[in-house]
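The values are calculated or read from the model by the stated rules, or taken from the named source; none is laboratory data. Quick caveat, the model's predicted, so the values are computed rather than measured. Note: ideal-geometry Cβ built from the backbone for every residue, glycine included; neighbour counts use all protein chains shown. The protein model used for the area step is the full one, side chains on, heavy atoms only, and it has no ligands, DNA or RNA in it. Shrake-Rupley method; radii C 1.70, N 1.55, O 1.52, S 1.80 Å.
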Amino acid sequence: MSVNFSKIGVVGAGAMGRGIAQIAAQAGSQVLVLDSFDGAAARAKEALVAQWQKLHEKGKLDEATRDALIARVHPVSSMQQLADCDLVIEAIVEDLGLKRALFKDLEAVVAPGATLATNTSSLSVTAIAAVMAHPQRMAGFHFFNPVPLMKVVEVIAGFKTDPAICDRLAGYAVQMGHSAVRANDTPGFIVNHAGRGFGTEALRIAGEGVTDFATIDRILKDQAGFRLGPFELMDLTALDVSHPVMESIYRQYYEEPRFRPSVITAQRLAAGALGRKTGEGFYRYVDGVMQQAAEPPVPVIDATPAVWVSPRAARRADLLKLIHALGAQLESGATPSSAALIVVAPLGFDVTTVAAVERLDATRTIGIDLMIEDAATKRRVIATNPATRRDMRDTAHALFSRDSKPVSVIRDSGGFVTQRVIGTIVNIAADMCQQRVCSPTDLETAVKLGLGYPQGPLAMGNLYGPTNMLEVLFNLQTVYGDPRYRPSPWLRRRGALGLSLLHEEE
Ligand code: NAD
């Protein structure tokens, strides 16, 4: 099978341009590399040669293939040399004026049938193409860093892009060993839009003093299976990168409350506590190693009182079984006895609201998060309310730790931690489907490959139940009175009808 584009140009030989040149050569294209900085294109080729040599030494590339790959990469020094390329991919600095000027110049050099593509991550493809005489031949082709390892690319249609160009680019992405996902030209495209929920909601939770950064990370990793917690992730990407992205998406969507950034990252950015690379972020790093504080110890309790469980608790039967298995005596009365520990398990609501509505003694009431079944998590999360007595809090902590499963005790919050963060991620993804940013299946592929979440966000919503997701969001909206929790119509309708969140209308 012949490669979709036999001769391509890559303009900009930085981190992204190099990676694109590598996988393009591996797909079988001749690759011309151009950079305005003297010597940069040649250095990019040297880096690729070293890379392929390493693969050869590891036995992953035979000599003939290595030599063929090396012979396909050609550093060039003038735009004129790109005249007979059938595709030119731009990967220069993220600056609208410079990119526009480049495409205007390129258009005058390449043949009329050549395709042009931009690797921009935050600018509008439409805005870049607007200065071109033939914007229909230009599309977004958004790779992720490091390009050879991040196996997904967003193919973005600008306002005037010919759909046939996107088909050809998507086919080429597959030849490069990547999955292509198709997006309309909207701020953040797919991955940077869908990725808004995780960090911003975690920051909201921390900002409310519900618990500390490390506990939020532990909860989301142990309960929902994220590989990195949101604060570890922000330390890795560094706040000088991630805070401006949060601000940019928020502004580009005209201050959509779901994307509202946090003063926490603004302050830390100003202080230079950027993350791993400065040795100080949400965590401290000593010789590059993240310093983890020990978990708070489990309190030692003389005797456990009887436990009364609210009739409205989520997964009540499982909760009763769990408490019994942990060795506590269960009360079966319609109301708790005067000494009982009172346990509630709300979805979306906070412990305070449940205690008030169910007329429970708040001083003895704690909540447990059971949106996800206990057996499917590696951590339990319990929440107090402002009136909870210390002895009741410690009793609950000790009781739910009896089988050695870690327990995090947090302050009251609608939806605990996992419900809030998952609910927000699922809601943003659902709204992207509602807005037709992309298809539900492309959304799932893009997020799994681009963000490394354990499931795509719609599958996540299906796993925990679309109706549960809807309940969590409705109740969060009631507790906080904040439009950021307003359920997307996509989620509202599918949740109400018990349909899969991947379901598309006929
Ligand atoms: P980089 O700074 O590493 O490289 C940019 C290169 O472009 C430099 O070598 C520079 O000399 C060259 N350059 C600048 N202006 C030029 C011009 N007019 N003509 C030719 N060469 C020019 O940047 P990068 O991280 O590789 O990012 C490049 C593009 O890819 C940006 O649009 C960025 O937003 C996007 N992007 C970056 C990432 C990432 O994580 N780094 C991910 C996805 C997309």
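Just to check your reading of the model, which residue among Pro466, Pro440, Pro457 is at pLDDT 95 or above and either over 17 Å from Ala224 (Cβ atoms) or in the same structural domain as Val147 (by TED's automatic domain parsing) (or both)?
On the way: Pro466 fails: either over 17 Å from Ala224 (Cβ atoms) or in the same structural domain as Val147 (by TED's automatic domain parsing) (or both); Pro457 fails: either over 17 Å from Ala224 (Cβ atoms) or in the same structural domain as Val147 (by TED's automatic domain parsing) (or both).
None of the others qualify; the one that does is Pro440.
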Quick check on this structure: which one of Gly456, Gly461, Gly495 is farther than 30 Å from His178 by Cβ and either crowded, with 23+ Cβ neighbours inside 10 Å or touching a residue at least 40 places away in the same chain (Cβ under 8 Å) (or both)? Gly495
Pairs only if they're at least six apart or on different chains, beta carbon under 7 angstrom, first in the range 214-226 and within 15 Å of Glu201 (Cα to Cα), second among the aromatic types (Phe, Trp, Tyr) and assigned to a helix (DSSP H, G or I); list them, first residue then second. Ile216/Phe231; Asp217/Phe231
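Does Val110 fit the bill of being in contact with a Cys (Cβ under 7 Å, 6 or more places away or on another chain), hydrophobic (A, V, I, L, M, F, W, C) and within 16 Å of the ligand (Cβ to nearest atom)? Walk me through it before giving the result.
Working: in contact with a Cys (Cβ under 7 Å, 6 or more places away or on another chain): yes; hydrophobic (A, V, I, L, M, F, W, C): yes; within 16 Å of the ligand (Cβ to nearest atom): yes.
Judged against the criteria, Val110 is a match.
Results for (1) in contact (Cβ under 8 Å) with a residue 40 or more places away in the chain; (2) open to solvent by less than 50 Å² (accessible area, probe 1.4 Å); (3) more than 11 Å from the ligand (Cβ to nearest atom); (4) not aliphatic (A, V, I, L, M), shown as yes or no for each residue.
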| residue | (1), (2), (3), (4) |
| --- | --- |
| Ala91 | yes, yes, no, no |
| Gln136 | no, no, yes, yes |
| His142 | yes, yes, no, yes |
| Asn145 | yes, no, no, yes |
Return yes when Thr120 is within 10 Å of the ligand (Cβ to nearest atom), open to solvent by less than 50 Å² (accessible area, probe 1.4 Å) and closer than 21 Å to Gly97 by Cα and no when it is not. yes
Determine which member of the set Thr363, Thr335, Thr352 is assigned by TED's automatic domain parsing to the domain that holds Ala383, within 24 Å of Ile205 (Cβ to Cβ) and at pLDDT 95 or above. Thr352
Does Gly288 qualify as being touching a strand residue (DSSP E or B) at 6+ places or on another chain (Cβ under 6 Å) and more than 26 Å from Asn427 (Cβ to Cβ)? no
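Could you tell me whether any residue of the range 195-215 is outside any helix (DSSP H, G or I) and open to solvent by 40 Å² or more (accessible area, probe 1.4 Å)? I'd like the intermediate steps shown before the answer.
Pass one, the range 195-215, residues outside any helix (DSSP H, G or I): 195, 208-212.
Going one step further and asking which of them are open to solvent by 40 Å² or more (accessible area, probe 1.4 Å), we end up with 208, 212.
Looking through the range 195-215, at least one residue is outside any helix (DSSP H, G or I) and open to solvent by 40 Å² or more (accessible area, probe 1.4 Å).
Looking only at the range 303-349, count every residue that is closer than 28 Å to Tyr485 by Cβ, in a loop (DSSP other than H, G, I, E, B) and not charged (D, E, K, R) and tell me the total.
Residues in the range 303-349 being closer than 28 Å to Tyr485 by Cβ, in a loop (DSSP other than H, G, I, E, B) and not charged (D, E, K, R): 9 in total.
Do the conditions hold for Gln477, that is, is it part of a helix (DSSP H, G or I), crowded, with 21+ Cβ neighbours inside 10 Å and modelled with pLDDT of 95 or more?
Details: part of a helix (DSSP H, G or I): yes; crowded, with 21+ Cβ neighbours inside 10 Å: no; modelled with pLDDT of 95 or more: yes.
No: the conditions fail for Gln477.
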Take residues that are of a type outside the set (Asp, Glu) and touching a strand residue (DSSP E or B) at 6+ places or on another chain (Cβ under 7 Å) and tell me which of the helices (runs of 4 or more DSSP H) falling wholly in the range 14-91 contain 2 or more. 15-27, 40-57
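More than 32 Å from the chain's Cα centre (by Cα) and open to solvent by less than 30 Å² (accessible area, probe 1.4 Å): is that true of Ala40 in this structure? Lay out the reasoning, then the answer.
On the way: more than 32 Å from the chain's Cα centre (by Cα): yes; open to solvent by less than 30 Å² (accessible area, probe 1.4 Å): yes.
So Ala40 passes the test.
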Pairs, first assigned by TED's automatic domain parsing to the domain that holds Val88 in the range 152-177, second surrounded by 23 or more Cβ atoms within 10 Å (Cβ to Cβ) and acidic (Asp, Glu), C-beta under 7 Å, six or more apart: none
